[in-house]
Amino acid sequence: MAPESGDRFCFWIPASSRSDLSIVISPLSSLMRDQGVPFKVNGPETPGRGHINCTDIVLGKIRLLYVDPESLVWQNVTDELREIIGDRPLSALIIDKAHCISEWGDDFRPAYRRIPQLISALKEQSPGLTVLALSAMPDRMVRQNIRDILGFREERPPSDTSLYRSGVSFQLVATESPEEKAAAWYRILQEDAPGIFQREALAAGVLTDIPPYRDPYDTVLGKQPAAQESGAPPDLLSVTTRHGGESEHTPRVLLCTALGGSLESWLYKVARAADGGDRLHCVRLADLPGAACEADMAARKTRIPCCENMKCPFGRDSLCDYGKQHHFIAMRHPDVADGTLAALEVLDQLLLSHEAGDVPVQIPLMAADPKRVELALYRLAVIGVVEQFFMDEVSGRPAFKIYGFTGAPDADGAVRGLLAYLKQNDISAGRKYADDASWRLTGETGEIARHREAYGPAIRERTDRSVRDGHILHYEAYRDFFHRVADCMPLLLSHISDTVREMRYRKLWNLRAFFSARTCRYGRLLRTAEATDEEWRCQACDHCVPGLRFEQMRKSPPPEMYAIRTLEARFSEWLENDDIAFDAATADSFIQEFGDYYYNIEVRVACLPERSPRNLKALYLLREFSRENVRERHALDLMRVAHQDLPLGQVLRLYETSQMDRRIKCAQFDCLDDEYSVTHSPGGSGGCTVRPGPSPCRKNGSGYWRGGRFSTPWPKPTSPR
């Protein structure tokens, strides 16, 4: 589907199959009945449903069967589904929220991984089955992962239509407290937006019955009962629509009150909301971090604030929206130590059932969190601790049944499973896991050992606490087994889970930076997806026209520049195509070609790591174009990714191309000179022998590595600045 096109979708059933059955796999909470179409619903309480949570919709001769994806975990789901279907021909299988099948998505659910097996089983009965997977995620990596898992060969082609919409205005409002933010909410809806529409001769009383302000984070952070399905991301977007008068276009207000999503998704939401030609005023309202918090993150060279337990360390009575979004990210994407602990606690429950003689071993769900247990079992299956698992009933209660658990660790099987997982999800430059690279994982300098050293202290601390609290009972008796799992989990979790977490913080950071950018709001937003002229001004944002004195919305669209759009197409293909390897010479040539249009590179590459975190091309360009206040952070991002993915010789040459000052050069080399990084491994990342030693920056202040075979640098790029 078109990115950010929303949760609603429509599909037409071909006339030849109007008496057939179509299955929709979708959370039942997302089933909508607001279209005024009469239909008959047979709910999940209908007899004979077994363990499938489903809803029948009968619309004349058309029958739709909605199946909740979590039902796919039940052991006999295929047989029960066939019983429900009966002899009726099966026309189509529609998968809603298909991004949940990908670990790179924002809401990965292991239950969705059962869908390929379900497709195979259903095609035995209906060979002509059509499968349609729907997702509105704009992330190319997620879309490709969905296609790979489902074996799809076709994908909806991207639209070439410009995302610019006339009749759109923008307003950014930054506040410093919840009280100030609530007051701004009412001012926007009672004064700002009505005043804009009145000056444009639109309906005078556009906004009436102003809804009360509610903090969008209260539900997800536990301050209010959840009004949506458990574990779902919050709806951070508030859309206020009021009809008034008889004007040609209905004025609307699109109001976002949090720091969720991304700049690119915000652009798509704006384009979709303004598709009908209605007058649209877009507002982002946020409570931003203070100067002390900003200075602290800059000093620690991080995008993650230091607030913990919902408390601000800098004297605020409550967290800012940046801090609240940080806690939401941490809740949705636990860190490596927490993910490892979850796997160890589930391992303890497996050992408890194994010692009791259960065949197969079982984990009752009386007090357990099913999603946490299911995710841990999925990860244990990756490293071969279990073969497969299902949900079933044991003594009348739901429980996981696990097959293939032996009660003893298999070191070789764990390495094979881990390597297969890394290879399947390899986003490194040059695809370093493409070959049989088990040597990368094992040994004293292998990736397993390096990750154990990096994450070991936090894992040990949390494990000891869990043992003391009685959550882990078999640690002493099965110490080797626990250590084997604890060794493999950090590499497995950091490869995707921790990387996804980093991507979310990049989105958050870029949204914060959007508020402080001193450029046309619409122009900067458009440049996240398409090239525009820097001189163009929308004349309808609070930067172009301070005071929001927009008069009749008479403005011109961005000029058509054939040369720059042609260059933009070549640049996008090179930048976003993972099959094209990074090289500094090509990056520098694009810098030269864009020349005075460098701003089209700057915004684009700042957003790309949000969905392609190891894109060396984007990270390199960010290092070259970043401003003084963020230059060091971008330089360190590049070094960290480079030393994970590139041979040591290339990393050092990349280090030499940096034209930063001595302080930043030292910080870059310290990434390589870290105790667990490539310069401290006898073979390095690329098999080069390097004798560990003090940083050359600290040693002689030269700022350059002058060590024999690595003394020849890459050509130094020249920046238009």
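Bear in mind that the values in this text are calculations on the coordinates, not laboratory data. Everything numeric here is computed off the predicted structure, so don't read it as measured data. Here Cβ is always computed from backbone atoms with ideal geometry, including for glycine, and neighbour counts include all displayed protein chains.
One table, with the values for the structure above:
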quantity: Over the stretch 501-613: Kirkwood hydrodynamic radius from C-alpha pairwise inverse distances, Å; calculated: 15.6 Å
quantity: More than 28 Å apart - percent of Cα-Cα pairs taken over the stretch 336-498; calculated: 20 percent
quantity: For the stretch 340-357 versus the stretch 486-535, the gap between their alpha-carbon centres in whole angstrom; calculated: 38 Å
quantity: Peptides 307-316, 337-346 ordered by average Cβ neighbours within 10 Å, highest first; calculated: 337-346, 307-316
quantity: R0 of 35 Å, Cβ-Cβ distance Arg565-Val630: FRET efficiency to nearest 0.05; calculated: 0.80
quantity: Radius 11 Å from Cβ of Gln650, net charge of other residues (Lys, Arg +1; Asp, Glu -1); calculated: -2
quantity: Bins of 5 Å, starting at 0 and running to the largest distance - Cα pair percent for the stretch 599-650; calculated: 4, 22, 31, 25, 12, 5, 1
quantity: Label-point separation, Arg431 to Met310 (7 Å along Cα→Cβ), nm; calculated: 4.7 nm
quantity: Estimated FRET transfer efficiency (Ala458, Lys423; beta-carbon r; R0 22 Å; 0.05); calculated: 0.20
quantity: Computed lengthening from Gln190 to Asp218, 0.36 nm per intervening residue step minus Cα-Cα distance; calculated: 7.7 nm
quantity: Local electrostatic count, Thr532, Cβ distance below 12 Å [Lys/Arg +1, Asp/Glu -1]; calculated: -1
quantity: Loop trypsin sites (Lys or Arg not before Pro), the stretch 546-599 (other Cβ atoms within 10 Å of the site Cβ: 16 or fewer; DSSP); calculated: Arg549, Arg554
quantity: Of Lys301/Lys665; Lys269/Lys324; Lys97/Lys432; Lys371/Lys401; Lys269/Lys507; Lys97/Lys269, those spanning more than 19 Å from alpha-carbon to alpha-carbon; calculated: Lys269/Lys324; Lys97/Lys432
